[in-house]
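Have a look at the structure below, then the notes.
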Amino acid sequence: MSVSVQADALAALGRAMKAEADGKALRKDLTKELKGIISPIVSEARGAATGMPSAGLEHDGEPLRSAIARRIVGEVRYSGRATGVRIKAKRKGMPRGFEHAPKRTNARGGWRRPVYGNKEVWVTQVGVPDWFDDVMRDQRPDAQAKCLAAMEDTARRIKLRVQTRGGG
C-alpha cells in the first residue's frame with residue numbers, strides 16, 4: 001500500500017527541511033510521526049498474515065505465514081523514485097526461495113508447486129485472497145488524512161521559522 005500524499009509535495013517538503021538549519025531534527029520528527037501513523041496498520045497487516053489458516057505439514061525452516069508477517073514494513077522516503085509513505089511486504093529472504101509469497105498468498109488464483117519436490121506431481125495452493133489489500137483499503141483514507149496533516153504541520157513550522165527570521 002502506498003499512502004498517496006503527492007510524492008512531489010513530500011519531496012519538496014524534504015528539500016525544504018534540508019535547507020533549514022534544524023532540518024535534520026524536523027525530518028526526524030516528521031519521519032517519527034509518519035511511521036507512528038502507519039505503525040498500527042503494519043501491525044494489523046502482520047496479524048492478517050499470521051491469521052491465515054495453515055494446512056501445512058511439519059518442515060524445517062521458518063513457517064511461511066510468520067516469514068511474511070516479519071517482512072511487512074512501513075517506510076518513509078523523501079527523495080528518489082520511491083518517494084512517499086508506504087507499507088509493503090518485502091520479498092527478499094522468504095523461506096524455501098518463495099520470494100513472491102506475500103503476493104501469491106494475497107492473490108485470488110494462488111500458485112502451483114510440486115509436491116515434496118516431485119516435478120511429476122503438482123498442486124495448486126491458495127492463500128487468503130486480499131488479506132493484505134483489505135487491511136490497506138480499510139485504513140487508507142484515515143492514514144492519508146493524518147499523513148497530510150503531519151506534512152502540513154511541518155510545512156507550517158518551516159514557514160513560521162522563515163517568517164520570523166526574515167522579519168527581524
Review point. Is it fair to say ARG108 is closer than 13 Å to PHE132 by Cβ, without any contact (Cβ under 8 Å) to a residue 40 or more places away in the chain, charged (D, E, K, R) and surrounded by fewer than 16 Cβ atoms within 10 Å (Cβ to Cβ)?
Key: yes
**Study point:** Residue among ARG65, ARG96 that is of a type in the set (Lys, Arg), without any contact (Cβ under 8 Å) to a residue 60 or more places away in the chain and crowded, with 19+ Cβ neighbours inside 10 Å
**Key:** ARG65
Check your understanding: Within the stretch 112-123, is there a residue that is in contact with a helix residue (DSSP H, G or I) (Cβ under 9 Å, 6 or more places away or on another chain) and either at pLDDT below 90 or not β-branched (Val, Ile, Thr) (or both)?
Key -> no
Check your understanding: Got at least one residue in the stretch 16-23 being open to solvent by 80 Å² or more (accessible area, probe 1.4 Å), under 29 Å from ARG108 (Cα atoms) and part of a helix (DSSP H, G or I)?
Key -> no
Review point. Out of (1) more than 27 Å from LEU10 (Cβ to Cβ); (2) in a helix (DSSP H, G or I), the odd one out for LEU34 is which?
Key: (1)
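Residues are listed down the side, and each one gets a yes or a no for (1) modelled with pLDDT under 85; (2) more than 29 Å from ALA155 (Cβ to Cβ):
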{"site": "ALA7", "(1), (2)": "yes, no"}
{"site": "ILE37", "(1), (2)": "no, no"}
{"site": "THR83", "(1), (2)": "no, no"}
{"site": "ASN106", "(1), (2)": "no, yes"}
Practice item. Name the residue, out of THR31, THR50, that is of a type in the set (Ser, Thr, Tyr) and either open to solvent by 80 Å² or more (accessible area, probe 1.4 Å) or touching a helix residue (DSSP H, G or I) at 6+ places or on another chain (Cβ under 9 Å) (or both). Key: THR50
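The values are calculated or read from the model by the stated rules, or taken from the named source; none is laboratory data. Every value quoted in this text rests on a predicted model; they were computed, and no experiment measured them. As a convention, Cβ positions derive from the backbone with ideal geometry for all residues, glycine included, and neighbour counts pool all protein chains shown. Protein only, heavy atoms only, side chains kept; ligands, DNA and RNA dropped before computing areas. Shrake-Rupley method; radii C 1.70, N 1.55, O 1.52, S 1.80 Å.
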